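In what follows, a structure is listed as structure tokens, so that the remarks can point back to it.
The values are calculated or read from the model by the stated rules, or taken from the named source; none is laboratory data. Source: prediction; values computed, not measured. As a convention, Cβ positions derive from the backbone with ideal geometry for all residues, glycine included, and neighbour counts pool all protein chains shown. Just the protein is used for accessible areas: all its heavy atoms, side chains included, with ligands, DNA and RNA removed. Shrake-Rupley method; radii C 1.70, N 1.55, O 1.52, S 1.80 Å.
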Amino acid sequence: MKKIYLDVCKNKTGRSESAGKEKGMVINMKKEETENSEQEVREQAEYTPSIQPDFLREKIKQKPVNKKKLLRRTIITAVMAVVFGIVACLTFLLLEPVINNWLYPEEEAKEVQFPEEAIEEEMKPEDMLTEEAIEEEAEQGPVELEDEQIQELLSKVTFGLEEYESLYEDLSALAKDVSRAIVTVTGVTSDVDWFNNPYESEAIASGLIIANNGRAMLILANMNNIKNAERFIVTFCDQAQVSARVVQKDTSTGFAILSVSLLSIEEETLDIINIATLGSTNSANLTGTPVIALGSPTGTSGSVCYGIVTSSGTTIDQVDAAYKLLSTDIYGSRNATGILVNLKGRVIGIIDNSYNSEDRGNLISAYSVSELKRTITKMSNNQPRAYMGVHGSDVPLEANTELGVPLGAYIKEIEMDSPAMTAGIQSGDVITWIEDTEITNYNELLNVLYNAAPEDTITVTLMRQGIDSFQEMKVVVTLAKSE
């Protein structure tokens, strides 16, 4: 019994010890876990990369730059930008006029035409009488006066300072009114000085407003003083300045038509300026006619001179053209430009002193406007002019009656390599027919050329001097384009 009790006690004690051990082990495990947690917290608090293992250390590096690729992309971007800019500019230039015309429609340019030439009759003394005076004279019959009575009547006519002043006031008012159609054309040229510094030089000439074609004001100007200009500025009578462009230029005379867009001219200026009226110089009594020189006859813009026409018999011979030269007693500048107007305010001449002789160097001369109208009309409408290449004149009546020279256009000279020379026309020939049009003088030949166009083929009938008489010939001329 005692032994069994001891064993039982021993077993109990063993189980107690075992349980105690298990309990102790659990406690120890919890204690270790707590210690381990505290150790981890301390380690995390004390963590530094320097003490980490090499296999856990990380370093971020930037990707190396590919310079060739970067340069290629930069060039491509720049090229694409340039291409885009060019495309944008071309698109704007092409579409801008269309869009502008759509938003602000302009009238189509009208064809410029000048009135038909008519001989202006000079006023005779009897035309100055009033109808009442004519009726009174008709009732009383012709009155014969003796010399003493005539002298007595003339002595009663006075012309004092007041009348003299009144006369010039009327002339000044007429000049002021016509001046509204005169402009100053400034030609601007770019250049460099001795030190390669850029600068702009200017030269001026007077111009004349001759037409309004519905889209622009057309201005006739003598370009001899500003022929090398790169751009042009027009100054109107109210000092308003607008850019202008050359429509067409005549190389023979040096005259040109400039165009100023109506859209660029202010309403106030349009209300002030005027369009000139071209007169006629076909009068047989043109010599002695009082005239006013306007523009820059003295070389200064806005200058005014008075005088008379001293002669109108000089002819300016040019290729496919002949102009009458008007000479005056007005003293001016050798480089004068402007116009001559009669007392009716009509333009009868375009000033050009380049044909003056040495003894007339500073006296104002001008192209007769009647012969210029053909050229002005073509240039105003920007129409190409036919070129034949001849210099000619009329056949004098004496040569016709005494020498038997047929009436027609007498050819004095032929331009080298011209259509006339190619066709076989020679100096001394007399052109009598062109197609079905009879030619009795040189002006009729010029009229035919005026109505013709470049590349037209015309049949010319001419008379050529033979051994005993003139022989008829026919040639075919293909006209060219006049420059």
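Looking at the stretch 404-417 only, could you name the residues that are of a type in the set (A, V, I, L, M, F, W, C) and surrounded by 10 or more Cβ atoms within 10 Å (Cβ to Cβ)?
Within the stretch 404-417, 405, 407, 409, 411, 414 qualify.
Return the residues of the stretch 336-352 that are farther than 15 Å from residue 288 by Cα and either assigned to a strand (DSSP E or B) or modelled with pLDDT under 90 (or both); say none if nothing qualifies.
337, 338, 339, 347, 350, 351
Does residue 268 count as among the charged types (D, E, K, R), open to solvent by 60 Å² or more (accessible area, probe 1.4 Å), assigned to a strand (DSSP E or B) and at negative phi?
no
Is it true that some residue in the stretch 153-169 is modelled with pLDDT of 90 or more and under 30 Å from residue 266 (Cβ atoms)?
No: the stretch 153-169 contains no residue that is modelled with pLDDT of 90 or more and under 30 Å from residue 266 (Cβ atoms).
If we keep just the residues of the stretch 316-332 that are within 30 Å of the chain's Cα centre (by Cα) and open to solvent by 20 Å² or more (accessible area, probe 1.4 Å), which is nearest to residue 286 (Cα to Cα)?
Going through the qualifying residues, I end up with 324.
Is the stretch 452-464 home to any residue that is assigned to a helix (DSSP H, G or I), touching a strand residue (DSSP E or B) at 6+ places or on another chain (Cβ under 9 Å) and under 21 Å from residue 323 (Cβ atoms)?
no
For residue 373, which of the numbered conditions (1) among the basic types (Lys, Arg); (2) open to solvent by less than 60 Å² (accessible area, probe 1.4 Å); (3) over 16 Å from residue 207 (Cα atoms) fails to hold?
Here residue 373 clears every test but (3).
Out of the residues in the stretch 251-261 that are open to solvent by less than 30 Å² (accessible area, probe 1.4 Å) and outside any strand (DSSP E or B), state the one that is nearest to residue 324 (Cα to Cα).
That would be 253.
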